[in-house]
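Structure, as structure tokens:
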Amino acid sequence: MRRKVFVPVLLFALLFSLSAAAAPKDALVVGIHADAKTLDPHVSNDSVSHNAMLQIYERLVTLDEKNDLVPQLAERWETPDPLTYKFYLKKGVKFHNGEELTAEDVLFSFKRAMGPEAGAIRAYSDCIDPDGFETPDKYTIVIRTKEPMAAFLASMKHAYASIVNKKAVEEAGERYGNAPVGTGPFKFVEWRKGDRIVFERFDDYHGEKPRIKTMTLRAIPEATSRVIELETGNVDLIYYVPTSDVKRLRANSSIDVIQTPGSLVYYMGMNTERKPFDDPRVRRAVDLAIDKEGVVDAVFEGFAAVPAGAWAPAVKYAPADAAPLVQNLEEAAKLLKEAGYPNGFKTELWIQDRKDRIDMATIIQAQLQEVGVEVEIKVLEWGAYLEKLKSGEHQMYILGWSASAPAHDPFFYVGPKFHSRFSGPSNRVRLKDAETDRLIDLGAITPDGPERAKIYADLWARLNELRPWVYLAIPDFFYGKVKSLKGMEHLNDRSVNYLGTAFFEE
């Protein structure tokens with residue numbers, strides 16, 4: 001009797017086990033290079049935070065993978081004149097806390113994006129007329145700009161235009177960045193600072209629901225560790241695959257390596273408010289002392305191009321025939337002497353704790369030594385690094401910049417980084433130049449065409465004359481993923497990607 005009972009139980013257990021093993025995987029784990037600073041879309045302008053927030057927030061309109069405008073929370077919109085945008089909201093859209101989306105939430109969100117909380121993202125909301133809002137009914141909102149704005153609708157790709165729930169923000173107060181509420185396909189579950197952020201599928205989502213149930217963003221700052229985690233199956237997707245690991249990963253039959261052309265410019269910024277970098281001759285001398293081709297070969301193993309200006313060739317109005325500044329130690333030494341530094345000077349170079357940045361800084365340190373410039377490298381954790389850059393204490397620093405709103409309009413590359421209005425929060429070189437400001441403002445309001453092209457040609461030349469940045473590299477961008485992970489064809493070099501299209505092949 002005992003055996004008759006035991007066999008069916010054993011068979012049942014075996015069948016259950018086989019059924020469970022055959023069940024499709026519905027948990028996505030992503031390895032990223034740093035932890036987010038916040039999950040509040042109105043207080044940060046860094047790509048790591050944006051990547052996390054893109055999963056939970058939506059905007060009125062956005063750009064698709066082809067950079068075409070598409071509706072998101074607005075079902076349609078009208079532009080009765082160059083300053084006026086009228087949006088008709090989708091009805092029945094729910095926030096993650098169960099509240100219905102209304103025009104009041106949209107009004108609250110845009111006013112908040114223009115307020116004191118906004119900080120680094122005000123470069124995007126600055127064009128909006130603070131008195132230009134109307135809410136004719138519960139599902140309609142009118143937004144006016146101060147001046148005609150060539151890329152206003154496209155700017156909503158950026159997190160600044162994320163719609164938050166008024167009730168949730170007011171209830172959470174200063175804690176809101178740790179308790180986000182959006183309308184997107186994923187809702188926030190938990191955040192273990194410095195380790196991981198966990199999301200789960202929002203079953204009341206108004207659009208197409210994700211096929212995965214849970215998503216975890218794991219902060220793995222060390223590149224080698226990220227690669228190992230992918231190889232051992234602990235993560236399904238990693239950002240920033242080092243070029244030194246590409247060949248080995250491509251030989252792994254269970255892993256795909258995705259290579260995308262770059263539009264992210266790696267640069268070394270110089271604080272124009274601090275000596276000796278307040279002198280354009282010094283900035284140009286530093287640029288001339290650096291062998292950018294050598295940086296590309298050594299750090300990126302040739303998987304990169306040397307930039308000729310402040311925005312990548314893939315972006316509108318980049319001059320087709322522009323050439324990078326070539327290393328010239330003799331000319332660099334001559335300029336330093338003219339500026340009053342015949343024996344060079346001592347300075348600091350701040351960098352993020354990331355291998356490619358450390359490698360670049362080490363090469364730059366050695367090359368500047370050849371013209372008498374002694375560089376002390378300071379390596380900082382990502383969050384602390386961004387905070388310290390706001391203080392203005394820095395002299396030189398290395399960052400990458402690729403505006404996500406929109407991908408191919410130069411205003412969103414140069415406006416936040418060089419306009420004097422944003423000196424500090426996003427204009428970290430603290431450039432204050434009237435001609436640069438004039439050209440940026442003019443480029444923002446001029447419709448696309450030959451006149452706008454001339455404006456950006458002049459701006460390109462002006463920035464190259466002032467040299468607040470040393471343009472280091474435009475690297476190709478590499479992702480690594482397990483072969484069974486599909487739906488990731490839209491991955492791009494800006495590291496701000498929506499992951500809700502992901503699924504695992506059975």
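Scaling the Cα radius of gyration of region 136-250 by the globular reference 2.2 N^0.38 Å produces a ratio of 1.44.
Taking N as the number of residues in region 235-344, what is its alpha-carbon radius of gyration divided by 2.2 N^0.38 Å? Don't jump to the answer; show the numbers that get you there.
Working: Rg = 18.4 Å, N = 110, 2.2 N^0.38 = 13.1 Å.
Working it through for region 235-344, the quotient is 1.40.
A 1.4 Å probe, protein heavy atoms only, puts the accessible area of VAL306 near 30 Å². Computed 3J(HN,Hα) for region 435-448, one whole-Hz value per residue from the Karplus formula 6.51 cos²θ - 1.76 cosθ + 1.60 where θ = phi - 60°, is 5, 4, 4, 4, 5, 5, 5, 5, x, 5, 9, 8, x, 4, glycine and proline marked x.
Largest first, what is the accessible-area ranking of SER402, SER244 with a 1.4 Å probe?
Numbers: SER402 20, SER244 70 Å².
Descending accessible area places them as SER244, SER402.
Each residue of region 371-384 was assigned a 3J(HN,Hα) from its phi angle through the Karplus curve 6.51 cos²θ - 1.76 cosθ + 1.60 (θ = phi - 60°); the sequence is 10, x, 8, 8, 10, 9, 8, 10, 9, 10, 5, 3, x, 5 Hz, with glycine and proline shown as x. Distance from the Cα centroid of region 92-117 to that of region 161-187 is 8 Å (rounded to whole angstrom). Annotation for ARG274 and THR232: the two label points, set 7 Å from Cα along the Cα-Cβ direction, are 3.9 nm apart. Classify region 301-396 as rounded, prolate or oblate from the Cα gyration tensor: take a ≥ b ≥ c as the square roots of its eigenvalues, call it rounded if a/c is under 1.5, otherwise prolate when a/b beats b/c and oblate if not. Taking the square roots of the gyration eigenvalues as a ≥ b ≥ c, region 301-396 is oblate. Cα-based values for the chain, radius of gyration first and Dmax second, are 24.7, 101 Å. For region 209-216, 3J(HN,Hα) computed residue by residue from phi via the Karplus equation (6.51, -1.76, 1.60; θ = phi - 60°) reads 6, x, 7, 8, 8, 10, 9, 10 Hz, glycine and proline entered as x.
Rounded to the nearest 500, what is the chain's calculated 222 nm mean residue ellipticity when only DSSP H runs of at least 4 contribute -39500 (n - 2.57) each, over all residues? Working shown, then result.
Values: 16 runs with 162 residues, N = 506.
Per the formula, -9500 deg cm²/dmol.
Give me the distance between the Cα centres of region 56-86 and region 311-360, rounded to whole Å. That distance is 39 Å. Less than 5 angstrom separates the built amide H of VAL373 from those of PHE345, all sequence-distant by 5 or more or on a different chain.
Could you put ARG428, ARG192 in order of accessible surface area, largest first, with the 1.4 Å probe and the full protein assembly present?
Details: ARG428 30, ARG192 110 Å².
Ranking ARG428, ARG192 by accessible area, largest first, yields ARG192, ARG428.
Ligands, DNA and RNA left out, the 1.4 Å accessible surface of the chain is 51% carbon and sulfur atoms. Near GLU75, the amide H atoms lying under 5 Å from its own belong to TYR88, LEU89, LYS90; only residues 5 or more places off or on other chains count, and H is placed 1.01 Å from N. In this view, the solvent-accessible surface of ILE377, computed with a 1.4 Å probe and all protein chains in place, comes to about 50 Å². Annotation: amide H-H contacts under 5 Å for TYR397 (H modelled 1.01 Å from N, sequence separation of 5 or more, or interchain): GLY269, TRP350. Taking every alpha-carbon pair under 8 Å whose residues sit at least 6 apart, the chain reaches a relative contact order of 20 percent. For a label point 7 Å from the Cα of VAL70 along Cα→C-beta, name the residues of region 171-189 whose backbone N is under 17 Å from it. Zone members listed by number: 184-186.
For the chain, DSSP calls about 70 percent of its internal beta bridges antiparallel. In this rough spin-label picture, where each label sits 7 Å from Cα along the Cβ direction, the LYS454-ARG192 distance is 6.0 nm.
The values are calculated or read from the model by the stated rules, or taken from the named source; none is laboratory data. Computed from a predicted model, the values in this text were never measured in an experiment. Neighbour counts run over all protein chains shown; Cβ positions are idealised from the backbone, glycine included. Surface areas here come from the heavy atoms of the whole protein model, side chains and all, with no ligands, DNA or RNA. Shrake-Rupley method; radii C 1.70, N 1.55, O 1.52, S 1.80 Å.
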